[in-house]
Amino acid sequence: MSVTLRLILGDQLNPRHTWFRNTNDQVLYLIAELPQELGYVKHHVQKVCAFFSAMEQFAQALKQVGHRVCHLTLDDTADFSTLPALLDHLKQAEAITAMEYQRPDEFRLLEQLRLWASGQPFPVQEHDSEHFLLPFTEIPQQFKPGKAHRMEFFYRRMRQRYDILMQDAQPEGKRWNFDSDNRQTLKPHDLDQLPESLGFSNDVTTIMQRLERHQVPHFGTPSNHLLWPVNRRQAEALLTFFCHQLLPYFGQFQDAMTQHNAGWSLYHSRLSFALNAKMLHPMQVIQAAIAAYRSAPERITLAQIEGFVRQILGWREFIRGIYWANMPDYREHNALQAQRALPEYFWDGNTRMNCMHHALGQSLDYAYAHHIQRLMVIGNFCLLTGMSPDAVDAWYLGVYIDAIEWVEMPNTRGMSQFADGGLVASKPYIGGGNYINKMSDYCQSCHYQVKQTLGDKACPFNSLYWNFIARHQQHFANNPRMSLVVKNWQKRDIEQQQAVQQQAAAYLEKLPEL
């Protein structure tokens, strides 16, 4: 009897894929916990548990509807250091006569599978994952390698293509972008109204035991009861909760930060893990949010829904295009020649900088931080201090539950660290303490003084910001969005410049102690 092996990777848990429309006893689905996926970076323990639990749930769901499934845990795969080694074993053990896989979303995995496939005596077929809104074959038409692209224009094309929030070929409200309306901070009465986040209690005790048994390196706060969704039912419950409870306030507070106990999730959907594991389809998410907007326009404004749609239809698809157009060279970019190692507080959160303490601590506790915490607190600090893009990439890829290389690397190396020289962003996203103070309540109880640039208790972000400008003034002197800042620095008298740079140098010297 002929047997076709179909490989399902941990981020390919799409129950609506055409593979699953019919059952076939001659098709064997492989879902496996792979040692190689635990070693290329050190992962947050909740991230590993979430993927392994979701894979197990998906395997069970396929079995329940009649598919043949081979679900392997680390107990079964520990002796196979690579995916090809496991496939070579299974093709003999299961007498495989053909193999199929969905195109991986990471370059290293696609390269690995295509190389393995080229040496097989039987046919190997590559399929689309049927998840993204921009077809893979169209990426070369929309994105040119080594060329700067801007998300806003891509986003508008996608809105037009899918007729999303459009009226008579024009954007609803006569504006494409309501970002300027969505930068409110949280006042005391807003904090009192913060909703309880929707979490689950998925028992991952056996997975935790398995990780310890196989001595898998990991970091972050462990928990035997995972709050993240690990199946489609839970993911859809989280989507419904967002649409009806959080979306009315999402846009206006999407950039806000707080040290309030309920502040780790605020009004954010936290759907990124479910989306990136493909338990949910992006159009399903967009349509559910728009349906909520249409049914309650008195509660959900156009600015709220547009801000959310832009993240899914615009930014997510745009970042994927940047990734595939520029790999593998993209992972080597280091335009600003940053080389510094990450301090220890990236792994324990123990720093006197309150904004970093909370952003890092939340990341370690929940494997999650929202985009402004990632970009304008942690990423900003890394950029100002000249952290190695390789080290920053590895940390972001490891710590966040939704981090898969296609989405993590352009966001981190490009948007956050400007290491790609401007392929993603038109300027480096940097700021002094004033921005963090404006968008959060972190500075109120900080060891450092946000309004001071000089002195023992001066906010490190302030002198580091100007030191960054001084260091890279030649690089940004002709950048339209940076030239004014560079000129402002150059207008300062030499004594002021020296004092600020000396302050920054002192902080950089004792970086691990800040």
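The values are calculated or read from the model by the stated rules, or taken from the named source; none is laboratory data. Computed from a predicted structure; not experimentally measured. Ideal geometry is used to build each Cβ from the backbone, glycine not excepted, and the neighbour counts take in all protein chains shown. We work out accessible area using only protein heavy atoms, side chains counted, and drop any ligands, DNA or RNA first. Shrake-Rupley method; radii C 1.70, N 1.55, O 1.52, S 1.80 Å.
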Residue in the range 78-98 that is basic (Lys, Arg) and at pLDDT 95 or above present: no
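Residue by residue, here is whether (1) buried (at least 20 other Cβ atoms within 10 Å of the Cβ); (2) modelled with pLDDT under 95; (3) closer than 21 Å to VAL377 by Cβ; (4) aromatic (Phe, Trp, Tyr) holds:
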| position | (1), (2), (3), (4) |
| --- | --- |
| GLN449 | no, no, yes, no |
| GLN452 | no, no, yes, no |
| ASP456 | no, yes, no, no |
| PRO460 | yes, no, yes, no |
| SER463 | yes, no, yes, no |
| ASN467 | yes, no, yes, no |
| ALA477 | no, yes, no, no |
| MET482 | no, yes, yes, no |
| LYS487 | no, yes, no, no |
When residues of the range 159-186 are limited to those that are among the basic types (Lys, Arg) and over 15 Å from GLN254 (Cα atoms), the one surrounded by the most Cβ atoms within 10 Å (Cβ to Cβ): ARG159
Residue within the range 274-290 that is more than 18 Å from THR240 (Cα to Cα) and among the β-branched types (Val, Ile, Thr) present: no
Residue that is farthest from PHE219 (Cα to Cα), among those in the range 418-430 that are open to solvent by 10 Å² or more (accessible area, probe 1.4 Å) and in contact with a helix residue (DSSP H, G or I) (Cβ under 7 Å, 6 or more places away or on another chain): LEU423
Residue list for the range 112-128, restricted to those being over 21 Å from ASN276 (Cβ atoms), touching a helix residue (DSSP H, G or I) at 6+ places or on another chain (Cβ under 9 Å) and among the aliphatic types (A, V, I, L, M): LEU115, VAL124
Cross-chain or 6+ apart pairs with Cβ under 8 Å, the range 298-315 first and closer than 12 Å to ASP179 by Cβ, then in a helix (DSSP H, G or I) and acidic (Asp, Glu): ALA303/ASP181; GLU306/GLU172; GLY307/ASP179; ARG310/ASP179; GLY314/GLU152
Selected residue (criterion: farthest from the chain's Cα centre (by Cα)) from residues of the range 362-416 that are open to solvent by less than 10 Å² (accessible area, probe 1.4 Å) and among the polar types (S, T, N, Q): THR385
The range 252-305: number of residues that are part of a loop (DSSP other than H, G, I, E, B) and either in contact with an Asp or Glu (Cβ under 9 Å, 6 or more places away or on another chain) or buried (at least 17 other Cβ atoms within 10 Å of the Cβ) (or both): 26
Residues of the range 98-144 that turn out to be under 21 Å from the mean Cα position of the chain (by Cα) and small (Gly, Ala, Ser), as a count: 1
Test set (1) touching a Lys or Arg at 6+ places or on another chain (Cβ under 7 Å); (2) under 21 Å from SER2 (Cα atoms); (3) surrounded by fewer than 14 Cβ atoms within 10 Å (Cβ to Cβ) - ALA93 fails condition number: (1)
Top-ranked residue of the range 16-46 - restricted to ones that are charged (D, E, K, R) and open to solvent by 10 Å² or more (accessible area, probe 1.4 Å), ranked as farthest from GLU126 (Cα to Cα): LYS42
Residue match in the range 101-111 (condition: surrounded by 18 or more Cβ atoms within 10 Å (Cβ to Cβ) and in a strand (DSSP E or B)): yes
Residue pairs meeting the criteria (Cβ under 8 Å; at least 6 apart or on separate chains; first on the phi > 0 side of the Ramachandran plot, in the range 201-229; second modelled with pLDDT of 95 or more and not in a helix (DSSP H, G or I)): GLY220/HIS44; GLY220/ALA367
Subset of the range 38-81 (residues that are under 28 Å from the mean Cα position of the chain (by Cα), in a strand (DSSP E or B) and not aliphatic (A, V, I, L, M)): HIS43, HIS44, HIS71
Criterion (more than 25 Å from LYS278 (Cα to Cα) and touching a strand residue (DSSP E or B) at 6+ places or on another chain (Cβ under 7 Å)) met by exactly one of SER388, SER426: SER388
Every residue from the range 129-158 that is buried (at least 19 other Cβ atoms within 10 Å of the Cβ) and out of contact with any helix residue (DSSP H, G or I) (no Cβ under 7 Å at 6 or more places or on another chain): HIS131
Options GLU306, GLU317, GLU236, GLU212: the member that is among the acidic types (Asp, Glu), in contact with a helix residue (DSSP H, G or I) (Cβ under 8 Å, 6 or more places away or on another chain) and modelled with pLDDT of 95 or more: GLU317
Segments classed as helices (runs of 4 or more DSSP H), wholly inside the range 338-423, with at least 1 members that are at pLDDT 95 or above and β-branched (Val, Ile, Thr): 380-385, 389-399, 405-409
